[in-house]
1. Could you tell me whether the range 37-54 includes any residue that is modelled with pLDDT of 90 or more and either surrounded by fewer than 21 Cβ atoms within 10 Å (Cβ to Cβ) or touching a strand residue (DSSP E or B) at 6+ places or on another chain (Cβ under 8 Å) (or both)?
2. Check whether at least one residue in the range 151-163 is surrounded by 18 or more Cβ atoms within 10 Å (Cβ to Cβ), in a strand (DSSP E or B) and touching a residue at least 24 places away in the same chain (Cβ under 8 Å), and report yes or no.
3. Scan the range 63-106 residue by residue and report those that are modelled with pLDDT under 85, out of contact with any Lys or Arg (no Cβ under 8 Å at 6 or more places or on another chain) and closer than 24 Å to A294 by Cβ.
4. Just wondering, is there one or more residues in the range 113-131 that are assigned to a helix (DSSP H, G or I) and modelled with pLDDT of 50 or more?
5. State all residues of the range 165-193 that are within 15 Å of the chain's Cα centre (by Cα) and either of a type in the set (S, T, N, Q) or part of a helix (DSSP H, G or I) (or both); if no residue qualifies, say none.
6. Return the residue satisfying two criteria in turn: it lies in the range 297-322 and is buried (at least 16 other Cβ atoms within 10 Å of the Cβ) and not in a strand (DSSP E or B), and of such residues it is modelled with the highest pLDDT.
7. Go through (1) within 21 Å of D202 (Cα to Cα); (2) modelled with pLDDT of 50 or more; (3) loosely packed, with under 11 Cβ neighbours inside 10 Å for A134 and report which single condition fails.
8. Filter the range 220-244 for residues that are open to solvent by 50 Å² or more (accessible area, probe 1.4 Å) and touching a residue at least 12 places away in the same chain (Cβ under 8 Å) and give the result.
Amino acid sequence: MAKLTAPTLPPGARKQLSDELHLAHRRAGWPSVRDLARALGVGVASSSRIHDAFTNPRLPAWGLVQLLVVELANRAPGADATAEVKRFHGLWDEAAQADASATTENETPSAQAATLAEPERLPSQQDAARPNPAAKPSRPLDSVSSLLLIDTEGFREHDDVERAYMHRMLYDIIDRVMTTARIRPSLRHHVGLGDTVMETIDPSVAVPSLLRALLTTVPDHLRSVNRLASASVQLRLRLVLATGFVTIKEFEGLMVEDLDQARRLLDSDVLRAALRERQDGYALCVSEAVYQEAVGYADIPAEAFQEIAVPTKDGPLRAWLHSLPPSAWASV
């Protein structure tokens, strides 16, 4: 049992939400973040993500706040979980509106123009826009970031020349996803994990926008790439979109507490089987946290995903498999 340190915030809606969340934590007996993570279930929210919700000045996602409010209310004598969820949603909504207003007011006209103009330019192979894996990031990432993991089926079976071509085409697809989601190079960091390619994306990037870009850009560009490639280097991709607590420090590399769970999803039998059954060459799985935060927003229907459970030593890891092509969304 331990009291968590509240973030330093100016008076306003965000501070009020933080104060009330910490008060609910105290009334519940100050359960540890690991205890809360276990109570919410494997793969729902990691201890680091829960810690971030209490201590980081950035506004946490409503889906996580809702889960925490219910769990804390169930631990506090006399608390009504339904009433607490309704009350906290009002607080969260006010904080979200305040954040949106502050962002709009702080953007200068020139910055707005640059933000709008930049995504229209697609990076070429000669561009330096792609992040350099060896370069030091523009600033440390010390919050819940988006984690995009991609694995190319049968990559080890190819020779060096074929691998180089396949990697080049894969990176081009990733760049196009980032451009579609309006993610500037400074907001992403490339990490090599053996055969797996991973991008960590800054917490300021909206998860629904990133997921929407994945669902629309990957199948279209993958189809174009494979149409021009020989049969021996056709790309077939497994993708996982998750979230994780990321810290990048000079000389210390990358530390991701939630990376193991994301890799379990990427290597799971259910995702491999889904790829074998798909004719469009890719299979996408999202973590429970991403599902709660993104699905149902930005025209991403819940019907496009089906729940799966991946066995782990800690119990079933809950996640969601994308099962409906974008062309069918209109009929959902």
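The values are calculated or read from the model by the stated rules, or taken from the named source; none is laboratory data. As the structure is a prediction and not an experimental result, all values here were calculated from the model. Positions of Cβ are backbone-derived with ideal geometry, glycine not excepted, and every protein chain shown enters the neighbour counts. All accessible areas refer to the heavy atoms of the entire protein, side chains included, with ligands and DNA or RNA removed. Shrake-Rupley method; radii C 1.70, N 1.55, O 1.52, S 1.80 Å.
1. yes
2. yes
3. Scanning the range 63-106 gives G63, A100, S101, A102, T103, T104.
4. No, the range 113-131 contains no residue that is assigned to a helix (DSSP H, G or I) and modelled with pLDDT of 50 or more.
5. I174, V177, M178, L187
6. Once the filter is applied, the top-ranked residue is A304.
7. (2)
8. R223, S232, Q234, R236
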